[in-house]
Amino acid sequence: MIERSHHELRQAFSDLLHGAVCKFAASVFDPISVRMASDLGFEVAIQGGSVASLQVLGAPDISLLTLDEYAEQVSRVGRASQIPIIGDADHGFGNALNVMRTVTELQKAGVAALTLSCFQNTHFRTTTANGQKPI
């Protein structure tokens, strides 16, 4: 197997984005799943925060997973990957300075791209989606 550098994987992802065909990303959570995705013909993978939380903590994605834990798991997957990985950076793990650190850490871990979400009051919701008080 020919190893591809993080730079080569990022370039491959850029090439996919500029292509004329829509690609489906495989949801991966560990080194074996990313190798399986590659063997099945997927050209890109995504490591979601929810599956990382289940893999690392055995807990649902309720913002318990830290940046260090997520970056470590992404790094494990990245070392085994021969396809670009999109990382789920959630809400950036804090304020604007934390977002900058998140980008740097996930870049070092080997992601080709990342997603960021904008949530208000992610940790302390005062009402549910239908306006009721949470239990």
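The values are calculated or read from the model by the stated rules, or taken from the named source; none is laboratory data. None of these values were measured; they are calculated from a predicted model. For neighbour counting, all protein chains shown are included, and Cβ atoms are generated from backbone atoms with ideal geometry for every residue, glycine included.
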Of all residues being of a type in the set (A, V, I, L, M, F, W, C) and out of contact with any helix residue (DSSP H, G or I) (no Cβ under 8 Å at 6 or more places or on another chain) in the stretch 49-61, which is surrounded by the fewest Cβ atoms within 10 Å (Cβ to Cβ)? Just the residue, please. L54
Residues of the stretch 62-92 being assigned to a loop (DSSP other than H, G, I, E, B), touching an Asp or Glu at 6+ places or on another chain (Cβ under 9 Å) and surrounded by 15 or more Cβ atoms within 10 Å (Cβ to Cβ), which ones? L65, Q82, I83, P84, D90
Considering each residue of the stretch 30-48, count those that are outside any helix (DSSP H, G or I), surrounded by fewer than 20 Cβ atoms within 10 Å (Cβ to Cβ) and not charged (D, E, K, R), and give that number. 4
Just wondering, is there one or more residues in the stretch 96-109 that are modelled with pLDDT of 90 or more and in a loop (DSSP other than H, G, I, E, B)? no
Index of the failed condition, V34 passing every other in (1) under 15 Å from S81 (Cβ atoms); (2) free of Cβ contacts under 8 Å to residues at least 12 places away in the same chain: (2)
